[in-house]
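Notes follow the structure.
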Amino acid sequence: MIQKIGYLILLLALGGGCGQANREYYVKHVRFPEGASLEEKIDMAARLVPSPSQKAWQQLELTAFLHFGMNTFTDREWGDGKEDPAWFAPTGLDAEQWVRTLKESGFKMVILTAKHHDGFCLWPTKTTTHSVTSSPWKNGKGDVVRELREACDKHGMKFGVYLSPWDRNAPCYGDSPRYNELFVEQLTELLTNYGEIHEVWFDGACAEGPNGKKQEYDWQTFYETIQRLQPRAVMAIMGDDVRWVGNERGLGRETEWSATVLTPGIYARAEAQNSALGINQQSQDLGSRDIIAKADELFWYPSEVDVSIRPGWFYHAEEDDRVKSLPELADIYFQSVGYNSALLLNVPPDRRGRIHENDSARLREFARYLQATFSRNHIARPDRAWDAKAGAAREYGTTDTLPVNVWMVQEDISRGQRVERFAVEAFVNGQWTKIGEGTTIGHKRLLRFPEIAAERFRLTILESRGTAHIKEVGAFHAPSTGTLTAEDSWSDIPVEELRISDGPQGTAAVIDGDRSSCWQGEGETEIILDLQTERDITGFVYVPPIEAGTPGTVYRYDCLASRDGRTWTPCVEDGEFSNIMYNTAPRRVRFSRAQRGVRYLKFIPREDIQGNRHFTINELGVLL
Ligand code: FUL
């Protein structure tokens, strides 16, 4: 049987007052003693915690899937393994462009389909000639896995591999022991020669081989190979670290328990146990009291939501206009990350070997949307830890009374997932008004509700499995996705409504809504935007040149606001666009205090990234 850290019981001496009868924590797995009462089971369930790798993985939240391979060139979703390796011919493969694009969009890890079901290997494996080695790409000397690894190292991105157990090319597939050996060899190459691997992704597809026999995978050995070579990697889907959410639509469960009764598919007992409970990966209830009452064991097995940005997993030119819209991506985010799941968003490189312009433009919008929403938490002291018993409530003050429409709450999952039901209220016009309620929390729960401006919020833990440990809360303002679809969405005030009140010649280029045109100038310069009417503003945006490291990219600056164009109030102290040399995403700067009744906004570049007074400004914008 598979032995794992999950079978260890971690004994933690906690300080008093946590309210649990027993202070043991169970890492990854707990088996209930025979005859345990529901109360005992629930108490144990509350003390089930993730392994360190699972916890680190849950904190990543955003991972990108890269489906790329033979299917990219055959226009198929599943190849049959009979493809000619000569068809694999990217014309300008640029793994760095993939990683840069994804990094700028907030992704923390990428997972590449090193081998899909067609058996074509994207690295020069010794196990088969059905690989890049037999393709014309780089005269057979190419290695996609290595190029991506290097790009990931350069840009500080974590790296994972998808290796399909189902192989429609390998002649020994179906001859179980022989194919298992080949598969372990492939796994060994990937986990030995490419540095640290953070996630190993196996789907469960399984079929008959050319001999007509159904392949039986040796999960135990696959598992041990990963443990031996990459002990910190999580094993996903056909693994016991990360659970498939159950659909490819980007839709998590509103009630999502990481502590679940679903036995991972790699365990021999999985089928019998799961069918006895009447559950599978699609079931809605995988962790309620009712289902725990019937179960013998529980797993920390958090959910991953995999979905493609396009209709297919692989690139198809005919889908260039069917890239998911910003509202769709925003919904996916709230229904995955916001539902205690990690989001694995697929962005398939095209036949050049680049992320297509339509996908990268959409990813930039998505990143701007997330940045606009989450860069400003309106709660004062949001990370005050709180040990909450069922029925307990805590009030949170705000930093301002600007409208918000998103509530965030996180449990300290290193002390278990416990909250079963909670409510959020806002104090408006002298009374508490309920703005939302939810069930589970776990690593993160986001609630959306109509805009509300309040001085205080109140979180009530209505039901919990013992004392819940609330780690952090937040109140945010998500802009309307409808207004963010255009490339000019770096400014909350449409650029057409802005004017240049004063500035050197050519400064109109900074409000023309076109990122490719810019203003360039030398020395002491002031650019004054006229908002045309008095507005309450919360920040401004500087859009630098697209190319990283362009001389003139502003590094130090001042920004001042005025009602009349004569008296100026500084909005930012020692303005500095940190790290702008390497990250050229538009800089959205939020002021420490909202500025009321602003008609004019003055931007003064002081120094560029090379210490010179030569400046390039592509666009400026205003944040409301
Ligand atoms: C499935 C595969 O069959 C699809 O082609 C895709 O790779 C998806 C993520 O996993 O099992």
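A few notes on this one:
- All positions within the stretch 224-253 that are part of a helix (DSSP H, G or I) and of a type in the set (Val, Ile, Thr): THR225, ILE226
- Candidate set from the stretch 175-214 (those that are more than 16 Å from HIS116 (Cβ to Cβ) and polar (S, T, N, Q)); member that is modelled with the lowest pLDDT: ASN211
- Counting residues in the stretch 254-263 that are within 16 Å of the ligand (Cβ to nearest atom), in contact (Cβ under 8 Å) with a residue 40 or more places away in the chain and either acidic (Asp, Glu) or in a helix (DSSP H, G or I) (or both) gives zero.
- Search result, residues across the stretch 135-161 that are surrounded by fewer than 22 Cβ atoms within 10 Å (Cβ to Cβ) and either of a type in the set (S, T, N, Q) or within 16 Å of the ligand (Cβ to nearest atom) (or both): ASN139
- Note on the stretch 61-92: among residues that are assigned to a loop (DSSP other than H, G, I, E, B), within 11 Å of the ligand (Cβ to nearest atom) and of a type outside the set (A, V, I, L, M, F, W, C), the one that is surrounded by the most Cβ atoms within 10 Å (Cβ to Cβ) is GLY69.
- Selection within the stretch 330-385 - of a type in the set (Gly, Ala, Ser), farther than 18 Å from ASP306 by Cβ and part of a loop (DSSP other than H, G, I, E, B): GLY353, SER375, ALA380, ALA385
- Of all residues in the stretch 201-224 being in contact with a Ser or Thr (Cβ under 9 Å, 6 or more places away or on another chain) and either within 16 Å of the ligand (Cβ to nearest atom) or not assigned by TED's automatic domain parsing to the domain that holds LYS108 (or both), the one that is farthest from ALA151 (Cα to Cα): GLN215
- Flag for ILE111 being away from the ligand (no atom under 16 Å from the Cβ), of a type in the set (A, V, I, L, M) and within 22 Å of GLN227 (Cα to Cα): no
- Some residue of the stretch 186-203 being in a loop (DSSP other than H, G, I, E, B), closer than 30 Å to VAL323 by Cα, touching a residue at least 60 places away in the same chain (Cβ under 8 Å) and not aromatic (Phe, Trp, Tyr): yes
- Residues of the stretch 234-253 that turn out to be surrounded by fewer than 21 Cβ atoms within 10 Å (Cβ to Cβ) and more than 12 Å from the ligand (Cβ to nearest atom), as a count: 3
- Considered as a group, the residues in the stretch 26-51 that are closer than 20 Å to ASP240 by Cβ and of a type in the set (Ser, Thr, Tyr) include one that is farthest from the chain's Cα centre (by Cα), and that residue is TYR26.
- Check on PHE427, assigned to a strand (DSSP E or B), surrounded by 15 or more Cβ atoms within 10 Å (Cβ to Cβ), among the hydrophobic types (A, V, I, L, M, F, W, C) and in contact (Cβ under 8 Å) with a residue 40 or more places away in the chain: no
Conditions (1) closer than 29 Å to ASP43 by Cα; (2) in contact with a Phe, Trp or Tyr (Cβ under 7 Å, 6 or more places away or on another chain); (3) among the acidic types (Asp, Glu), marked per residue:
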| site | (1), (2), (3) |
| --- | --- |
| ARG362 | no, no, no |
| ALA372 | no, no, no |
| ALA390 | yes, no, no |
| ALA393 | yes, no, no |
| THR399 | no, no, no |
| LEU446 | yes, yes, no |
| PRO450 | no, no, no |
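- Of all the numbered requirements in (1) surrounded by fewer than 20 Cβ atoms within 10 Å (Cβ to Cβ); (2) modelled with pLDDT under 95, ARG351 misses one, and that requirement is (2).
- Flag if HIS130 is farther than 30 Å from ILE413 by Cα and within 16 Å of the ligand (Cβ to nearest atom): no
- Residue in the stretch 551-561 that is aromatic (Phe, Trp, Tyr) and touching a helix residue (DSSP H, G or I) at 6+ places or on another chain (Cβ under 6 Å) present: no
- None of GLU319, GLU297, GLU304 is surrounded by fewer than 19 Cβ atoms within 10 Å (Cβ to Cβ) and within 16 Å of the ligand (Cβ to nearest atom) except GLU319.
- Number of the exception - ALA276 against (1) of a type outside the set (D, E, K, R); (2) within 15 Å of the ligand (Cβ to nearest atom); (3) within 24 Å of LEU38 (Cα to Cα): (2)
The values are calculated or read from the model by the stated rules, or taken from the named source; none is laboratory data. It should be emphasised that the depicted structure is a prediction, and the values quoted were computed from it without experimental measurement. Positions of Cβ are backbone-derived with ideal geometry, glycine not excepted, and every protein chain shown enters the neighbour counts.
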